Amino acid sequence: MNESSWGARPTPSAGGTPPGAGPWPPGTVPAAPSAGPVHDRAAAAQTRPMPTVPDAGGDQDDHRDERGAARLSGPLFHDDQHREPMPTTPPAPDDSPSPEKPAKKSAGRNLRAAIGVGVGLGAIIVLSLFVYKPVFVGVIAVAVVVGLWELTSRLAERKDIRVPLVPLAVGGTAMVVAGYVRGAEGAWVAMALTALAVLVWRMTEAPDHYLRDVTAGVFAAFYVPFLATFVAMMLAADADGPWRVLTFLLLTVVSDTGAYAVGWRFGKSKLAPRISPGKTREGLVGAVVFAMVAGALCMQFLIEDGAWWQGLLLGLAVAASATLGDLGESMIKRDLGIKDMGTLLPGHGGIMDRLDSLLPTAPVVWLLLVLFVGTG
């Protein structure tokens, strides 16, 4: 501190204490005597040691008035004005759930690839169906053999079930041809011979798990080629064979499309969550409505001697059988722990993933057409 801030040094009297000889420690300058109580209190305060306050970066002498006395108003020290703000505790996170944007529904597959493959398959089917019937029989046989290969491969990979493919492929092709040429009688005979061939073929290997393997083989023979034989039997009708097959294909595809479109847009109630979580009751209603409308149109304009009311019943039956067929294969795939039977068709999976609703629907459509308009 500057001495001048407290006034001039006093002149000692004759009888007073000489400078430097008083009660103050050496080097301490006594306060000047004052004529009033204010200066007496200031002088008394000078004799007490002042508290040391750390400077925050400024000069404390800058906060004194014209007399050098510290101002009592406002902050007591310079660092009171320039002190860094104390860190504050961040507000507690809000536990209330924030509004989430509704998840955009996704189709779950590459729709562009699926549409392209579907259009290509449709073109092959239509050309072979109306140009030369035996060519379409060959298309059915190829689809059967590929489907059997996918099914037996997945059984071997996931369950270690060894089903002989050779007798199944030969017998399956024979079933399709026999159904086209000889009708239901020929199909049943070919089915019996195929089952017998599976039993004999499996005897060439070790007897371990023989019963399991041949049971799976007979199931595969019935599930894929025998059910597909009813398509060939529809084609065999002389008057409108190709149109019957086209009606069968259109109704199945329309049923699947209606279920997908309505279920994707409005589906909320699960149809069979343990088997296929993606299927909804709303989708089933869409399948029934779409298939019944398509059935009425097809029976009225495509099938000879057909009536629209027959098409309504046919569409209802197709929607039910196609849905059950789809659920049936979903059950098989869940048991095997797979999503698709194969990867041959981009956007669709394998051949069996396209035949799942067609195979169980074929005997239903064949039987109803026979009842409504005869064998043709």
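The values are calculated or read from the model by the stated rules, or taken from the named source; none is laboratory data. Quantities reported herein were computed from a predicted structural model and do not represent experimental measurements. Backbone-built Cβ (ideal geometry, glycine too); neighbour counts: all protein chains shown.
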Residue among Ala187, Ala156 that is surrounded by 13 or more Cβ atoms within 10 Å (Cβ to Cβ), at pLDDT 95 or above, under 34 Å from the mean Cα position of the chain (by Cα) and hydrophobic (A, V, I, L, M, F, W, C)
Ala156
Among the β-branched types (Val, Ile, Thr), in contact with a Gly (Cβ under 8 Å, 6 or more places away or on another chain) and at pLDDT 95 or above, is that true of Val285?
no
Taking region 266-296 and keeping residues of a type in the set (D, E, K, R) and without any contact (Cβ under 8 Å) to a residue 12 or more places away in the chain leaves Lys270, Arg274
Within region 114-134, does at least one residue satisfy the condition of being surrounded by 11 or more Cβ atoms within 10 Å (Cβ to Cβ), modelled with pLDDT under 75 and either part of a loop (DSSP other than H, G, I, E, B) or among the hydrophobic types (A, V, I, L, M, F, W, C) (or both)?
yes
Has region 204-213 got at least one residue that is buried (at least 24 other Cβ atoms within 10 Å of the Cβ), closer than 27 Å to Ala190 by Cβ and touching a helix residue (DSSP H, G or I) at 6+ places or on another chain (Cβ under 6 Å)?
no
Could you say which residue among Leu355, Leu313 is in contact (Cβ under 8 Å) with a residue 60 or more places away in the chain and within 19 Å of Leu249 (Cβ to Cβ)?
Leu355
Please list, ordered by first then second residue, the pairs with beta carbon atoms under 6 Å, 6 or more apart or interchain, first in region 240-252 and touching a residue at least 40 places away in the same chain (Cβ under 8 Å), second in a helix (DSSP H, G or I) and among the polar types (S, T, N, Q).
Thr252/Thr361
Checking the condition in contact with a Lys or Arg (Cβ under 9 Å, 6 or more places away or on another chain), assigned to a helix (DSSP H, G or I) and in the same structural domain as Thr229 (by TED's automatic domain parsing), which residue from Ala192, Ala143, Ala174, Ala184 passes?
Ala143
Would you point out the residue of region 129-153, among those that are β-branched (Val, Ile, Thr) and over 37 Å from the mean Cα position of the chain (by Cα), that is nearest to Asp335 (Cα to Cα)?
Val137
